[in-house]
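Input: a single structure, listed below in structure tokens.
The values are calculated or read from the model by the stated rules, or taken from the named source; none is laboratory data. The structure displayed is predicted, hence computed values, not measured ones. So basically every Cβ, Gly included, is an ideal-geometry build from the backbone, and we count neighbours across all protein chains shown.
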Amino acid sequence: MEVFVYQKYDEISQASAKVVADTINSKPNAVLGLATGSTPLGLYKELARMHKEEGLDFSHVRSFNLDEYVGLSPDHPQSYHYFMHENLFKHINIEPQNVHVPSGTTKNYQAFCEWYEQRIEECGGIDVQVLGIGSDGHIAFNEPGSSLGSRTRIKTLSKETIEDNSRFFDKKEDVPIYAITMGVGTVLEARKVILLANGANKAKAIADAIEGPVSCMCTASVLQLHPDSLLFLDTDAAGKLKMKDYYEWIQAKKPGAPAGS
Ligand code: F6R
């Protein structure tokens, strides 16, 4: 786990966009794992800027989103299909057939989940997975108690997540109760994982994820087992980290560190 602490949200967006852009530049048909929510909005804006101003080319890129609300059609303004189209896909040159977002309206969820996992494999696996974190420590919609080996499936959202996400809906009762989500095991198979978090409401989840035990009670803690996970935080989200000074010290001393460290 590598922890980067920044003063500003924009710095998180720029640092994470650089990781995604470097991946695409070194592998033009890279497979991206994408998240929705408020946190990656700046990252997507930066990727759109890089496409427009620097020619970052998405024409061979494949993408897989983490999750979708069950019951929302792709044109529903709160669906993750709609979110991705509005905030990223319509601003870049990704081919529609290379985009994958879980279906919230399939007639057969089990078959769809199996197909989604198979499709990721057919594309060669995810090169870089973008993650946010829930205030209850979830990654994707793997709520506390989710198996750390779980695969793409239907999850019942926790009351905390429903409360958190009600800000996007007219009223709390409109938030879907179920989601289709990649599993913790699916996420762990990505070759690189970048988790973004900003704001004090994420501080406890971030401390549990980085410095707590690996536990299904905070599914983000499983990133401790990943060989290449980068966490981009602002000072508020890093506010409860006991070892914050050490993480900052590591980054400050990097330029002089022995090669390969
Ligand atoms: C969204 C997702 C969720 C969010 C998390 C944080 O695709 O998988 O895990 O990343 O709920 O959401 P925000 O960024 O809105 O705080």
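Some points to look at:
- Pairs linking a residue in segment 161-188 that is within 14 Å of Tyr69 (Cβ to Cβ) to a residue that is of a type in the set (Asp, Glu), with Cβ atoms under 6 Å and 6 or more positions apart or on different chains, are Ala179/Asp67; Ile180/Glu68; Thr181/Asp67.
- Being modelled with pLDDT of 95 or more, in a loop (DSSP other than H, G, I, E, B) and more than 17 Å from the chain's Cα centre (by Cα) is a property that Pro102 lacks.
- Segment 118-128, residues that are buried (at least 17 other Cβ atoms within 10 Å of the Cβ) and assigned to a helix (DSSP H, G or I): Ile120
- For segment 49-92, residues that are within 25 Å of Ala21 (Cα to Cα), in contact with a Ser or Thr (Cβ under 9 Å, 6 or more places away or on another chain) and of a type in the set (S, T, N, Q) total 2.
- In segment 45-75, the qualifying residues are those that are assigned to a loop (DSSP other than H, G, I, E, B) and free of Cβ contacts under 8 Å to residues at least 24 places away in the same chain, and the one that is nearest to the ligand (Cβ to nearest atom) is Asp75.
- Gly42 part of a helix (DSSP H, G or I), within 16 Å of the ligand (Cβ to nearest atom) and crowded, with 17+ Cβ neighbours inside 10 Å: yes
- Candidate set from segment 227-261 (those that are in a helix (DSSP H, G or I) and among the hydrophobic types (A, V, I, L, M, F, W, C)); member that is surrounded by the fewest Cβ atoms within 10 Å (Cβ to Cβ): Ala252
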